[in-house]
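Following: one structure in structure tokens, then a few remarks.
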Amino acid sequence: TEFLKKNGLFGGLSRSFDNIRDIARYYAQSVKAIEMGSAISPDKLLYEYEDYVMFHVINVCSASQDIESFCHSSLYTLMEYDRKNGTDLTRILYKYLTNDKKVVETADELGIHRNTLSYRIARIEQIMNVDLSKSDVLLHLLFSFNILKYKNQAGLLNGVDKAQAIK
């Protein structure tokens with residue numbers, strides 16, 4: 001990374017491979033890592049394909065489908081609730097999910113008491129009418145956040161006013 005920084009370069013790392021005949025596919029992964037990574041995380045210099053594979057999938061799907069149609073509909077309900085009530089529950093949910101539902105870590109990161117976080121998570125479940133103990137719900141919500149991040153629309157992810165993320 002020091003070499004990249006010193007020379008104003010970016011780097012992409014593919015998944016590892018052991019057959020030289022596959023080099024074209026893995027080169028393409030490196031290029032895609034740079035493409036996705038520089039758009040999603042412009043502050044980095046070295047992008048690993050594994051960190052951006054989900055965005056690559058979203059990119060491929062977006063070529064033939066409106067990818068927002070795959071978002072969990074209740075996430076928009078929560079975002080609208082935040083907009084109407086001046087709350088920050090969408091960002092709290094995002095932090096909670098990206099911290100693997102670890103209450104203490106998430107509460108510390110948000111600067112709130114863990115009991116406050118637990119109350120807010122329960123409120124989020126109520127507003128969204130979801131059960132966050134179900135793995136398929138968690139996966140769908142995380143995928144939805146990645147779609148929004150890819151689309152550069154979620155205010156909690158890129159500094160844009162959350163109201164702009166609501167359709």
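The values are calculated or read from the model by the stated rules, or taken from the named source; none is laboratory data. Predicted model only: the values in this text are computed from it and were never measured. Cβ sites come from the backbone with ideal geometry, for glycine too, and all protein chains shown count toward neighbours. Quick note on the areas: whole protein, heavy atoms, side chains included, nothing else; ligands and nucleic acids left out. Shrake-Rupley method; radii C 1.70, N 1.55, O 1.52, S 1.80 Å.
Looking across segment 1-19 at every residue that is more than 18 Å from M36 (Cα to Cα) and not in a loop (DSSP other than H, G, I, E, B), the one that is most open to solvent (accessible area, probe 1.4 Å) is identified as K6. In segment 63-78, the count of residues that are charged (D, E, K, R) and modelled with pLDDT under 95 is one or more. Scanning segment 123-136 for residues being part of a helix (DSSP H, G or I) and touching a helix residue (DSSP H, G or I) at 6+ places or on another chain (Cβ under 9 Å) gives a total of 4.
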